[in-house]
Each structure stands twice: as C-alpha cells, then as structure tokens.
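Chemist: Before anything else, here's the structure in question.
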Amino acid sequence: MNLKPISQQVVTIIGASSGIGRDSALKFAERGAKVVVSARSKEGLATLVEEIYQRGGEAIAIPADTADFNQMKEVADKTVERFGRIDTWVHSAATSVFATFDRISPEEFKRVIDVNLMGQAYGAMVALPYLKEAKGGSLIHITSMEARRSLPYQSPYSASKHGVTGFLDALRIELKHQGYSNINVANILPAVINTPFYNKGKTKLGVKPTGLPPYYNPSLVTDAILYAAENPVRDYIVGDVGRLLDLAQRISPSLVDAILLAISFDGQRTPEEKGEEPNNLFEPIQGYDRVEGDFKQFEIPSVSDVLAKNPGAVLSTIALAALGGLSLLLGTGDKH
C-alpha cells in the first residue's frame, strides 16, 4: 500500500472545531497538507482556519452536521471541487449522554447513534467514491476503547462505538474483494483523552462528568492519526491503559465487570455541580472550541504508543531483554 507523504495530501477532518479533530487539523496543516475542516460550530471552524493560516498552512471550513448524509456529501464534494481530490478522510465527531440507561430518552439515544455511528457511516459513504477514484488513500475513524469495553453511564456512546467497529471490519473485507486493498481503513481507539468532550456532553448525573483517570493528551491521538495517514493501520489503541483494558477484557470480561462495578460509578463524577444544559447533543455550544479539556492534572505519558509506531524499537527491546537474560544466565552459570 503506497500512501502519499502528508505534505502532498488533501485531508478532510470531520469534528474539527475542538479536541482531537482540531489538533489533527493543526498538525496536518503544519506538515504541509491542504486541510478541509468541518463541524457544526461555525465560530470554532473560523478560529481554526485563522490559526492554520497564521501558521502558514492552507485550509477551508465547511460547516456541517455529521448526522445529515446530504451535508456530509457536500463536504466531500466541496473538498474535491476546491482541491481536486481526497487523500485522507478523518472522522472524529462525537457526542454523548451521561446517565444510566433507564434515564435516557429514545430521542437522546437515537441522536448519539445518529452522530457517532450513522455520521461515521455517512462519512465513509461519501469519501470512498473519491478514494476509489484516486486508487488509494486513508479512511481514518476515531472510535474509543468503549468499542471494546462498554462503560456504565455511557450506553448509547458505547453502542455507537461498537457499531463503527462492526461496519469497518465488514468494509475492509469488501474493499479487498473489490480490488481496493490500497485503501487504508484505520480504526483509532483512544483511552481517556483530555478534550472538551466531558464539558459538552449532556449529563443527567447532577455533576460534571469525567472519564476514568488517568488521562492522555490529545496529541497522542493526533500522532496516531497522522501515522495512519501515511502507514497501513488496522486497529490502533492509544494509551497504555487502553491496551491493558483490551487485554483484560479478552482474558476475563467478568473481572473487568467487577473492577468497573467498584470504580466506574463514583469515578465518572466530579464534585462540580452541573445541570443538563448547556450541551451539544442537538445543537453546538460555544466556549469549548479548543484542543484540551479541564483535566490536565490527570494526564500521564504512554510508553506503548512509542513502541506501536516503531516496530523496530519493539524488536530491539525484545532482543536486548533476551540478551540481558542470556547474560544473566551465563553469569549465574559462572558463579556455580
């Protein structure tokens, strides 16, 4: 699979006004890509495009609601109209309702599914014809570790992320069967990331919600996205804790149930009182068009992300460990 260097790419980013999407747009532009940014927040897109131009990059904004297929098609069509093609499509838009399942209305549950699952499907539907026409490129979807392990208070969000993984798995096989193995379909699964997501989602907990610490900086996810734009990637978990959770879920789901029962209910509640409004479930809200959220103090680094993007480093680490073990064994033998 031959993917273009980022400096030669046209990149479309859905959900770009804040968080991971915003950081990705800035980093793609810094690397020389022509960038198209889309979200519901016109103010957020305007400040993002201005920031990109101030840094010497090139970008246009196309406001759109990812839950509307026609609006997604317009984003794809206008990208090609302006820049001639799409090389990488990044889909990051998401919303949530923080509440127990029995307190979520049908309309609220459906809206989360419409944005997080149908929106991602619509994005793939409108981007794929152009990627096929270009005979290659990257389709990058941002899901979550909740695509592997659901959390209480987040049933519609978890359901939507499981759904995206399901259609991406089917899509990969179909593309290969159709002869389009040169299209990279990547699923990026972040652990808990410090973005304004927890400020904007609708909460019925009576308090501002939080992810289960520790948090990771959005730049870790952005690094994974940029990597997937240039390298074949299938499923990429971001964050050491995410990889540990994935392993634990594979080994013993009942053990993970017990752990979450003990920590996840109190652990997702901050002491800060907050009502249901304002939230971004049905309409965009102002004041959060930034990359990072409010939980900087809980951020930690991730060693495994460095190794994931550098297979040679993994092999070197294993080789050094093996040599160390062999030396220890030989040394012990000499002493005997």
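Please treat every number below as a calculation from the coordinates, not as lab data. Computed from a predicted structure; not experimentally measured. Here the Cβ positions follow ideal geometry from the backbone for every residue, glycine too, while neighbour counts run over all protein chains shown.
Chemist: If amide H atoms are built 1.01 Å from N in the plane of the peptide, which residues on other chains or at least 5 residues away come under 5 Å of the amide H of Thr270?
Modeler: Sorted by chain and number, the residues that satisfy this are Lys208, Thr210.
Chemist: Moving to a separate point now. Along the three principal axes, how long is the stretch 244-309 when you take its alpha carbons, biggest first, rounded to the nearest angstrom?
Modeler: 42, 33, 25 Å, listed from the longest principal axis down.
Chemist: Related question: Would you calculate, for the chain, the mean residue ellipticity at 222 nm contributed by helices, counting each DSSP H stretch of 4 or more residues as -39,500 (n - 2.57) and dividing by all residues, to the nearest 500?
Modeler: -15500 deg cm²/dmol, from helical runs alone.
Chemist: Restricting things to alpha carbons, find the Rg to Rh ratio for the stretch 33-83 using the Kirkwood radius for Rh.
Modeler: Expressed as Rg/Rh, it is 0.98.
Chemist: So for the chain: antiparallel DSSP bridges make up what percent, rounded to the nearest 5?
Modeler: 5
Chemist: Return the sequence-ordered ³J(HN,Hα) values of the stretch 178-193 in whole Hz as given by the Karplus equation 6.51 cos²θ - 1.76 cosθ + 1.60 applied to θ = phi - 60°, using x for Gly and Pro.
Modeler: 7, x, 10, 5, 7, 9, 7, 9, 10, 10, 9, 10, x, 6, 6, 10
Chemist: So which lysines can Lys34 reach, going by Cα to Cα under 16 Å and dropping same-chain residues fewer than 8 places off?
Modeler: Lys4, Lys78
Chemist: Follow-up question, since we're still on this one. What ³J(HN,Hα) values, in whole Hz, does the Karplus curve 6.51 cos²θ - 1.76 cosθ + 1.60 give for the stretch 15-22 when θ = phi - 60°, with x put for Gly and Pro?
Modeler: Values, residue by residue: x, 9, 6, 8, x, 4, x, 5 Hz.
Chemist: Full-extension gain between Arg82 and Tyr53, please, as 0.36 nm times their residue separation minus the C-alpha to C-alpha distance.
Modeler: Stretched out fully, the Arg82 to Tyr53 stretch lengthens by 8.8 nm.
Chemist: In nm, what is the difference between 0.36 nm times the number of residues separating Ile60 and Gln178 and their Cα-Cα distance?
Modeler: Contour length minus Cα-Cα distance gives 39.2 nm.
Chemist: Provide the per-residue ³J(HN,Hα) series for the stretch 227-234, in order, calculated from phi with Karplus coefficients 6.51, -1.76, 1.60 and θ = phi - 60°, each as a whole number of Hz, with x at glycine and proline positions.
Modeler: 4, 5, 6, 10, 9, x, 9, 9
Chemist: Glu30 to Phe69: extension gain in nm, 0.36 nm per residue of separation minus the Cα-Cα distance?
Modeler: Working it through step by step, the gained length comes to 11.1 nm.
Chemist: Need one word for the stretch 39-129: rounded, prolate or oblate. Basis is the Cα gyration tensor (sqrt eigenvalues a ≥ b ≥ c); a/c below 1.5 gives rounded, then a/b vs b/c decides.
Modeler: Judged from the Cα gyration tensor, the stretch 39-129 comes out oblate (a/c at least 1.5, b/c at or above a/b).
Chemist: Right, here's the next one. Quick check: from the Cα gyration tensor, does the stretch 87-191 come out rounded (a/c under 1.5), prolate or oblate?
Modeler: Cα axes put the stretch 87-191 in the prolate bin.
Chemist: Identify the residues of the stretch 187-203 with backbone N under 11 Å of a label point that sits 7 angstrom from the Cα of Glu272 along the Cα-to-Cβ direction, or state none.
Modeler: The answer is 196-200.
Chemist: Treating only the Cβ of Lys, Arg, Asp and Glu as charged (+1, +1, -1, -1), what charge dipole size does the chain show about its Cα centre? Round to the nearest 20 debye.
Modeler: Its charge dipole is roughly 640 debye.
Chemist: Starting from the Cα gyration tensor of the stretch 189-297, take the square roots of the eigenvalues, sort them a ≥ b ≥ c, and report rounded, prolate or oblate (rounded when a/c is under 1.5, otherwise prolate if a/b is larger than b/c, else oblate).
Modeler: Oblate is the answer for the stretch 189-297, as a/c is 1.5 or above yet b/c matches or exceeds a/b.
Chemist: Further question on the same structure: I'd like the Kirkwood hydrodynamic radius of the stretch 6-301, using the inverse of the mean 1/r over distinct C-alpha pairs, in Å.
Modeler: Every distinct Cα pair counted, the radius reaches 19.1 Å.
Chemist: Which cross-chain or sequence-distant (5 or more) residues have an amide H under 5 Å from the amide H of Ile193, H modelled 1.01 Å from N in plane?
Modeler: Here the answer is Tyr216, since their amide H atoms fall under 5 Å of that of Ile193.
Chemist: Additional query: Which one, Pro106, Tyr53, Ala124, projects farthest toward the positive side of the charge dipole computed for the stretch 1-124 from Cβ point charges (K/R +1, D/E -1)?
Modeler: Farthest towards the positive end: Tyr53.
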